[in-house]
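Have a look at the structure below, then the notes.
We did not get these values from a lab; they are worked out from the coordinates using the rules stated. Quick caveat, the model's predicted, so the values are computed rather than measured. Please note: Cβ atoms are built from the backbone with ideal geometry, for glycine as well, and neighbour counts cover all protein chains shown.
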Amino acid sequence: MHRPSGRVVPNSTLWMLCSLSERSMTLVMTQFSDFYDMITAGMDTTVISVEWAMAELVRNPRVQKKLQEELDSVVGRDRVMSETDFQNLPYLMAVVKESLRLHPPTPLMLPHKASASVKVGGYSIPKGANVMVNVWAVARDPKVWSSPLEFRPERFLEESIDIKGSDFRVLPFGAGRRVCPGAQLGINLVASMIGHMLHHFEWSLPEGARPEDISMMESPGLVTFMGTPLQAVATPRLENEELYKRVPVEI
């Protein structure tokens, strides 16, 4: 891979790799492995999170309409949303948090080891035991959450709830020393994708389909894809056609 002549985006990942190639430098296997992990680690989980969120938004037209009203109020209808808008889009961020609560992309936290013998909930956990926390079940606990199976983003507006490991009621990114280092990046990516899709399009079910026809069953595994992929119809909602044009970018 080589850099094209002309404008170059400095300090991008591809720019760095091309620079190494031009200087006849190579990555050792450990460096390549680290680079591969950095690029791929969040791909599946981000895609999964966006699909689950979109499924909930299609099933809940009230939430979709409320989010689009916020986007129109803050972003307007003549420009594209940017990451700097997030601080003024509390309902968008609440939608992201509520989706990650109901549908954490990894249902089990990374294994932790008990550093001492303890008792939790009447169970004895010996020192050295591997502990795997079911974050999917924790986030649906009726003793902790009111109407836990209801998709209601407003719950995150009524109370300040952190989802990056400090509040044990919802742990989509884990907690402790093994918490996901890319938690904020993941939140921003999901918020950006959902925000752009909802700002630019109305989302509805195929003709003849009903909200209850959407299967919300998970595909079992280390990550929880939707058992049946979501099918939805996108209808442009903005009058400015320029916002739908693909913008060429040179790297």
Would you please put 63-75, 114-126, 98-110 in order of how densely packed they are, using the mean number of other Cβ atoms within 10 angstrom per residue and starting with the highest?
98-110, 63-75, 114-126
Cα shape, the range 116-197, gyration tensor, a/c 1.5 rule
oblate
Amide H neighbours of residue 202 at under 5 Å, excluding residues fewer than 5 places away on the same chain, with H built from the backbone geometry, are 235, 237
Checking rank on 222-228, 186-192, with mean other Cβ inside 10 Å and highest first, the result is 186-192, 222-228
Return the lysines within reach of residue 119: Cα separation strictly under 27 angstrom, same-chain partners fewer than 8 residues apart disregarded; answer none if there are no such residues.
127, 143, 164
Sequence order, the range 136-144: Karplus ³J(HN,Hα) from phi using 6.51 cos²θ - 1.76 cosθ + 1.60, θ = phi - 60°, Hz rounded, Gly and Pro as x, gives 4, 6, 4, 6, 10, 6, x, 6, 10
In Hz, Karplus ³J(HN,Hα) per residue of the range 218-231 (6.51, -1.76, 1.60; θ = phi - 60°; x = Gly, Pro):
8, 8, x, x, 5, 10, 9, 5, 5, x, 10, x, 5, 10
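Loop-only GluC sites (Glu not before Pro) in the range 102-210, please: DSSP not H, G, I, E or B, and at most 14 other Cβ atoms within 10 Å.
150, 154, 159, 207
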Using the Cα gyration tensor of the range 45-244, with a ≥ b ≥ c the square roots of its eigenvalues, what is the shape: rounded (a/c below 1.5), prolate (a/b larger than b/c) or oblate (neither)?
prolate
